[in-house]
Amino acid sequence: MCGIVGVIGKSNTTEILLNGLEKLAYRGYDSAGIYVNSQTGQDYLVKEPGKISVLQAAVGPEVQGTIGVGHTRWATHGVASQANAHPHVSADGRFYLVHNGVLTNYAELRATYLADVQFASETDTEVAVQLIAKIAHDDQLSAKEAFRKALTMIEGSYAFVMVDRDDPETLYVAKNKSPLLIGVGDGFNVVCSDALAMLNETKDFIEIHDREMVTLKKNSLQIEDLDGTFIHRASYHVEMDASETGKGAYPHYMLKEVDEQPAVMRRLLNEYVTADGQIKINADLLTALEAADRLYIVAAGTSYHAGLIGKTLFEKLAKKPVEVHVASEFGYHMPLLSAKPFFIFLTQSGETADSRQVLVQTNQMGYPSLTITNSQGSTLSREADHTLLLHAGPEIAVASTKAYTAQIAVELFLAVALGRHQEQAVALEFDVNHELTLVATGMEAVLSDKDQIEALVKHYLATTRNAFYIGRGTDYALSLEAALKLKEISYIQAEGFAAGELKHGTIALIEDGTPVLAFLMDQSTIDHTRGNLQEVTARGAQTFTIVSDAFAQPTDQIVLPQVNPLLTALVGVVPAQLIAYYASLQRGLDVDQPRNLAKSVTVE
């Protein structure tokens with residue numbers, strides 16, 4: 001959700017900014033812009049609504065410099081337009097600012113301090129840059145001190161990068177709740193929302209914490225809090241090749257990431273499980289989990305659906321009760337907690353604002369926590385007591401695929417390790433290496449049938465406006481994820497339902513030709529779900545089944561390789577991901593960047 005890049009000390013600043021914005025396009029955006037300064041009197045502001053390619057076409061060969069900032073905007077305040085695109089410039093033409101986040105008191109600041117300022121946009125961001133300029137002018141402060149004072153007045157979430165046109169040798173940087181990193185180079189420095197944007201320039205990064213500001217020059221940087229206390233923080237090295245962020249020979253990132261899932265399963269086995277089946281989980285974490293009387297999984301979107309599968313894993317393998325909660329609801333409507341809760345935060349990016357505001361509260365209450373994330377050094381990772389990494393590699397497509405299956409796999413490792421720690425027989429007997437290897441092989445078998453799945457999608461979903469996924473038990477949890485995938489990239493109005501609930505109201509929505517897709521992998525309820533399919537067939541539905549091999553019938557459409565009953569979602573989700581992919585592709589839609597969506601949701 002929005003992306004920031006900044007560079008100081010490089011002669012090819014424009015190229016770096018545009019390349020960095022392309023790397024951040026996965027976050028979701030509707031406009032883009034750059035500001036570049038040559039430090040010799042020439043500067044350029046170029047911004048356009050639409051794709052980065054539109055911005056690239058508008059950037060002429062003369063747009064060159066050695067310092068600059070760039071931004072991709074996902075609209076919050078004001079429509080997608082050139083005026084609302086970033087960077088924003090102060091009325092006096094001195095300060096150029098990019099911003100991720102939402103300023104909650106922007107209207108008050110505008111009315112109280114900036115009533116006499118002529119605004120060029122509808123954004124909250126412009127309030128920030130106009131405020132800095134007014135403070136600098138009225139209080140006769142330096143750019144740095146005006147920036148600092150403005151930060152003490154601004155409320156809400158922000159990641160700011162600013163250039164002073166009168167003294168273009170410094171980038172002024174600050175953050176609160178929105179992610180931002182400093183990239184350290186030799187004779188240059190960079191700023192970015194995500195390390196992926198700058199891996200071609202450096203692999204050494206420094207985290208910025210909330211309510212900190214950074215003064216960044218080409219050969220130096222200073223981190224300090226808003227009271228002026230200087231902070232030393234070591235850099236960390238990102239072990240990732242820039243080539244990992246490319247599509248390679250694939251037409252879309254999503255298809256590449258779906259295909260990577262078997263490899264991710266095997267990589268996770270290497271990371272977390274020894275050859276003899278021992279699970280490498282920190283003993284302090286297991287002790288803290290054992291001491292808890294209830295686990296609370298907090299997440300959003302796809303991660304929430306992974307948490308629903310995790311609930312079954314923890315309760316079956318570790319005999320530990322679990323509640324799964326939507327982060328945006330939990331933070332403001334917290335239920336009555338158990339006496340000794342332990343919180344698990346599932347987040348692909350580690351920056352999800354809804355989850356973070358829950359973590360802030362639980363930290364204040366003194367409850368232990370774990371973040372399971374794909375992003376080393378992310379905010380939720382830093383602020384939780386423990387972290388487990390997904391090791392899924394970069395996930396660029398907005399529709400999460402391999403992060404979902406990686407989250408379930410890591411939950412499996414944790415559940416088995418906790419069960420063994422508590423000497424639960426079912427966990428002691430569970431052969432993780434064998435079972436997850438079968439999953440990886442099963443995924444590969446499904447992936448080899450892409451042509452069949454594409455043909456089925458063309459037959460069942462080519463023209464439909466609506467579709468339903470149904471299932472029971474973990475099949476129901478999987479139905480929620482399958483429906484989300486379908487709706488978010490194909491725009492088909494898809495919903496996931498507990499199969500037994502259809503006759504309690506939802507069956508009224510069934511019309512002639514309505515597609516109803518059923519997961520049939522939960523042995524205890526398969527016959528019931530098949531009965532529900534008969535009910536909707538009698539009312540005109542077109543039914544479509546995804547079934548485990550052991551329970552297949554000749555009329556079933558997709559038959560899955562058999563895996564452990566606790567892990568069927570890992571294989572069952574793969575055809576659902578491909579169904580969504582082909583439904584979007586056949587409708588001529590943007591598979592990787594669906595409308596209105598952002599990959600990393602960094603505002604509440």
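Out of 201, 207, 224, report the one residue that is without any contact (Cβ under 8 Å) to a residue 24 or more places away in the chain and either buried (at least 21 other Cβ atoms within 10 Å of the Cβ) or on the phi < 0 side of the Ramachandran plot (or both).
Values: 201 fails: without any contact (Cβ under 8 Å) to a residue 24 or more places away in the chain; 207 fails: without any contact (Cβ under 8 Å) to a residue 24 or more places away in the chain.
Of the residues listed, the single one that is without any contact (Cβ under 8 Å) to a residue 24 or more places away in the chain and either buried (at least 21 other Cβ atoms within 10 Å of the Cβ) or on the phi < 0 side of the Ramachandran plot (or both) is 224.
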With the checklist (1) among the charged types (D, E, K, R); (2) surrounded by 16 or more Cβ atoms within 10 Å (Cβ to Cβ); (3) under 28 Å from residue 585 (Cα atoms) in hand, flag the one item residue 472 doesn't pass.
(3)
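Filter the range 175-198 down to the residues that are under 25 Å from the mean Cα position of the chain (by Cα) and farther than 23 Å from residue 74 by Cα and list them by number. Don't jump to the end; show me each part of the working.
Pass one, the range 175-198, residues under 25 Å from the mean Cα position of the chain (by Cα): 175-184, 190-198.
Hits for the range 175-198 are 183, 184.
Determine, yes or no, whether residue 328 is part of a loop (DSSP other than H, G, I, E, B), in contact (Cβ under 8 Å) with a residue 60 or more places away in the chain, within 16 Å of the chain's Cα centre (by Cα) and not assigned by TED's automatic domain parsing to the domain that holds residue 495. Lay out the reasoning, then the answer.
Numbers: part of a loop (DSSP other than H, G, I, E, B): no; in contact (Cβ under 8 Å) with a residue 60 or more places away in the chain: yes; within 16 Å of the chain's Cα centre (by Cα): yes; not assigned by TED's automatic domain parsing to the domain that holds residue 495: yes.
So residue 328 does not fit the description; no.
Counting only residues that are assigned by TED's automatic domain parsing to the domain that holds residue 25 and closer than 15 Å to residue 71 by Cα, give me the strands (runs of 3 or more DSSP E) lying completely in the range 165-223 with at least 2 of them.
Working: elements: 171-176, 181-184, 189-192, 204-207, 212-216.
So the answer is 171-176, 189-192.
Quick check: is even one residue across the range 400-409 among the hydroxyl-bearing types (Ser, Thr, Tyr) and more than 24 Å from residue 489 (Cα to Cα)? Steps first, please.
Restricting attention to the range 400-409, the residues satisfying the condition of being among the hydroxyl-bearing types (Ser, Thr, Tyr) are 400-401, 404-405.
Those still in the list that are more than 24 Å from residue 489 (Cα to Cα) too: none.
Checked against the condition, which is being among the hydroxyl-bearing types (Ser, Thr, Tyr) and more than 24 Å from residue 489 (Cα to Cα), the range 400-409 yields no hits at all.
A quick yes/no check of all residues on (1) modelled with pLDDT of 95 or more; (2) among the polar types (S, T, N, Q); (3) within 20 Å of the chain's Cα centre (by Cα):
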| site | (1), (2), (3) |
| --- | --- |
| 559 | yes, no, no |
| 563 | yes, no, no |
| 568 | yes, yes, no |
| 577 | yes, yes, yes |
| 581 | yes, no, yes |
| 591 | no, no, yes |
| 601 | no, no, yes |
Total residues in the range 31-52, condition modelled with pLDDT under 90 and touching a Leu at 6+ places or on another chain (Cβ under 8 Å):
0
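Would you be able to tell me the number of residues in the range 122-150 that are closer than 17 Å to residue 216 by Cα and touching a strand residue (DSSP E or B) at 6+ places or on another chain (Cβ under 7 Å)? Please lay out each step first, then the result.
The initial filter retains those residues of the range 122-150 that are closer than 17 Å to residue 216 by Cα, namely 142-148.
Remaining after also requiring touching a strand residue (DSSP E or B) at 6+ places or on another chain (Cβ under 7 Å): 143-144, 147-148.
Counting residues in the range 122-150 that are closer than 17 Å to residue 216 by Cα and touching a strand residue (DSSP E or B) at 6+ places or on another chain (Cβ under 7 Å) gives 4.
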Looking for whichever is in the same structural domain as residue 259 (by TED's automatic domain parsing), buried (at least 24 other Cβ atoms within 10 Å of the Cβ) and either among the small types (Gly, Ala, Ser) or at pLDDT below 95 (or both) here; the options are 415, 339. Which one fits?
415
Being outside any strand (DSSP E or B) and assigned by TED's automatic domain parsing to the domain that holds residue 16 is the requirement here; does residue 111 meet it?
yes
Out of the range 346-367, which residues are over 13 Å from the mean Cα position of the chain (by Cα), outside any helix (DSSP H, G or I) and either farther than 22 Å from residue 291 by Cα or of a type in the set (Phe, Trp, Tyr) (or both)?
367
Restricting to the range 175-194, name every residue that is surrounded by fewer than 24 Cβ atoms within 10 Å (Cβ to Cβ) and among the small types (Gly, Ala, Ser).
185, 187
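Only one of these is assigned by TED's automatic domain parsing to the domain that holds residue 161 and either modelled with pLDDT under 90 or within 16 Å of residue 160 (Cα to Cα) (or both): 65, 28. Name it.
Numbers: 65 fails: either modelled with pLDDT under 90 or within 16 Å of residue 160 (Cα to Cα) (or both).
Being assigned by TED's automatic domain parsing to the domain that holds residue 161 and either modelled with pLDDT under 90 or within 16 Å of residue 160 (Cα to Cα) (or both) holds for just one of 65, 28, which is 28.
Restricted to the range 212-221, and to residues that are under 23 Å from residue 155 (Cα atoms) and touching a residue at least 60 places away in the same chain (Cβ under 8 Å), which residue is surrounded by the most Cβ atoms within 10 Å (Cβ to Cβ)? Talk me through it step by step, then tell me what you get.
To start, the set of residues in the range 212-221 that are under 23 Å from residue 155 (Cα atoms) comprises 212-215.
From what's left, touching a residue at least 60 places away in the same chain (Cβ under 8 Å): 213, 215.
Numbers: 213: 21, 215: 17.
Filtering first and then ranking leaves 213.
Does the range 158-168 contain at least one residue that is β-branched (Val, Ile, Thr), buried (at least 17 other Cβ atoms within 10 Å of the Cβ) and within 27 Å of residue 352 (Cβ to Cβ)? Explain how you work it out, then say what you get.
Applying the first criterion (β-branched (Val, Ile, Thr)) to the range 158-168 yields 161, 163.
Checking which are buried (at least 17 other Cβ atoms within 10 Å of the Cβ) leaves us with 161, 163.
Filter again for within 27 Å of residue 352 (Cβ to Cβ), leaving 161.
Scanning the range 158-168 turns up at least one residue that is β-branched (Val, Ile, Thr), buried (at least 17 other Cβ atoms within 10 Å of the Cβ) and within 27 Å of residue 352 (Cβ to Cβ).
The values are calculated or read from the model by the stated rules, or taken from the named source; none is laboratory data. In this text, all values refer to a predicted model and were calculated from it rather than measured experimentally. A quick note on method: Cβ atoms are made from the backbone with ideal geometry, for glycine too, and the neighbour counts reach across all protein chains shown.
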